[in-house]
Amino acid sequence: HTGSCHRGPRQWRRRRRRRRRHSAGSGAAEVIFDETLQKCLDSYLRHVPRKFDEWVAPAPEVVDMQKRLHRSVFLTFLRMSTHKESKDHFISPSAFGEILYNNFLFDIPKILDLCVLFGKGNSPLLQKMIGNIFTQQPSYYNDLDETMPTILQVFSNILQHCGLQGDGASTTPQKLEERGRLTPSDMPLLELKDIVLYLCDTCTTLWAFLDIFPLACQTFQKHDFCYRLASFYEIAIPELESAMKKRRLEDSKLLGDLWQRLSHSRKKLLEIFHILVNQICLLPVLESSCDNIQGFIEEFLQIFSSLLQEKRFLRDYDALFPVADDVSLLQQASAVLDETRTAYILQAVEGAWEGVDRRKATDAKDPPAAEDPNGVIALAEPVGGPSSRLENSEEDECMGAAAALGPPVGGVELDSLISQVKDLLPDLGEGFILACLEHYSYDPEQVINNFLEERLAPSLSQLDRSLDRQVKPDPTPLLTSRHNVFQNDEFDVFSRDSVDLSRVHKGRRKEENTRSLLNDKREVVAQRQRYEQYSVVVEEVPLQPGEGLPYRGDDYEDEYDDTYDGNQVGANDADSDDELISRRPFTIPQVLRTKVPGEGQEEDEEEEEEEAEDEAPKPDHFVQDPAVLREKAEARRMAFLARKGYRHDSSTAVAGSPRGHGQTRETTQERRKKEANKATRANHNRRTMADRKRSKGMIPS
């Protein structure tokens, strides 16, 4: 530490309490005139261990002192960001902003350190503090904008140290010493450790800042941060993971700690991207009206359209934050969403999962960090903790979406791996060996090495060394797992032993004849009840003798006037059979006749004759108008031609006017049309016949 920190924490706390008792103005105004306090605060922010740093836990007295010092520093910065402490002691907001900015009490690096040190457990206070700083002095937005190239340069530096070509690397001359730059698989282990710690520090700091102050996302996106972040993730993360897997036999303790930190960095990168997308695109869509959301939707589609080639990044991001959920949210908010682009994005995300077990990747997501109820005081603990704390944490946390080493081994290959270990270690049970192989990615050499060096994982050390292998039950037979619409019905022989054969009919079912169909009066009986309700059908009621006397007036009497019944004297029943046949000859009903060829044609001709007879003038009529007769004849002729499919040209303009009166325009057009279409009719040798007439002298030449 520098400045007044060498005087001891006790003297610093005493001076701090004295300032709090005698202060009459803002905390920022006090710090301006106390350079030692400024240096002490800056030194603390730079050198205090982060929660992801590795360091040896100090004595309990030092830990307690560090807790109180940590709390005092946070309260000091909190007071420095307050321009109004009471009604009597305050500074105007404009003057307060100028004091902060001109005296460098706060800058972007300090704000980033404050977020990463005090963010956990103090988010509400820290959000209010940083929001107050940016609100009272908007110039900090410009400083953040100028800081973005430096932040992006961090990613480029990591790629360069790893020997990976970043953006624009091919456009600049390459130094001679860079030609032999080592990859993460070949570089010294300590250098790989520095790169991982550097990446972990950067990712955690950026995530803490955006989580506390999400309004900075707009400034980040001005520099196309989403695409740069995804591109860096796609290049660096798989390379670092591959290097650690290849070097797992060098120093398993150190590599386990580095793997934990790399997984932590990977998760923070994905969360940073999610915060940016959520703040730039999704939240404005939910908070804005339907007329103002098209720009935010277009920004969302543009961001993901630029990332379609980053398959590893899309796969890991979709495992933590499903892209389909975000697209569904946009579809609910907007009715004019471009379905083609959204379907293309979702198809690209699904394509990124090809060859990877989605369920295993989803189950391996990092568990959320537990919130500490102790607030500020808890942050003063060795929040990063020693490396042993990282080792004792859940090992599943470091399993990323692409960290899976392929599909699980089974069958003969698994038996071979178990036998390799059992040949050297015959006292171990097959169940214990199988658990070790599953933990160490089915690598028998690593299992044997860690067992002999007694460096097995804690979860394996607690198992019984003689554990037998559990035999997996056979898969369910197909016959007992069938599912269809006929399952468990009365004829399902797979689910029941006895079937009612009387319900089963073999062969073609015999249909009922016409007589049985006519004798079936069930429908008549069913309809009788309906008509009885309307009193349409009344049953005959039998009467006893004497009961119908009051109604005898309704009985039938044969005394009526039969004067005119004599017209039917000599009814048909007195006639002979020959007379009846002569009056109306017997004919077979048309339904029972057998069809004779040509009968239909004769009937048509008879109908035409009947129509002609109907239309013919009756003999007792006067002579009809000739014009009417001509019209009827023309109509019949046109109807006949229409049935034949002939289309007559009814134009009469071809004849034209008499000679010497000139011809109309219609006559000229019709004559031209007739001349052009004369080949459609017969008599194609008109020219020949005309020449013949002329040669005979009929037409003067």
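FYI, it's all coordinate maths here, none of it is from the lab. Since we're looking at a predicted model, the values are computed, not measured. All Cβ positions, even for glycine, are placed from backbone atoms using ideal geometry, and neighbour counts span all protein chains on display.
Computed values, structure above
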{"read-out": "Residue exposure sequence - Lys506, Lys51, Lys693 - by fewest surrounding Cβ within 10 Å", "value": "Lys506, Lys693, Lys51"}
{"read-out": "Potential extension, Arg659-Arg687 segment - 0.36 nm per residue separation minus Cα distance", "value": "7.7 nm"}
{"read-out": "Where labels lie 7 Å past Cα in the beta-carbon direction, separation of Ile588 and Leu641 in nm", "value": "4.4"}
{"read-out": "Label-point separation in nm, Leu452 to Asp194, each point 7 Å along Cα→Cβ", "value": "3.5"}
{"read-out": "Stokes-Einstein D (µm²/s) once Rh is taken as the Kirkwood radius of the range 409-471 over alpha-carbon pairs, at 4 °C in 1.567 mPa s", "value": "113"}
{"read-out": "Per-pair calculated FRET efficiency, R0 = 45 Å: Ala633 and Gln527 via Cβ, rounded to 0.05", "value": "0.20"}
{"read-out": "Nearest-0.05 FRET efficiency for Glu35 and Asp143, computed from C-beta distance (R0 25 Å)", "value": "0.70"}
{"read-out": "FRET efficiency, Thr340 to Asn292 (Cβ-Cβ, R0 22 Å, nearest 0.05)", "value": "0.45"}
{"read-out": "Highest average packing first - 413-424, 269-280, Cβ atoms within 10 Å", "value": "269-280, 413-424"}
{"read-out": "Dipole moment magnitude, nearest 20 debye, the range 409-471 about Cα centre, only Lys, Arg, Asp, Glu C-beta charged", "value": "120"}
{"read-out": "Extended-chain gain in nm, criterion 0.36 nm per residue less alpha-carbon gap, Ala679 and Glu438", "value": "77.5 nm"}
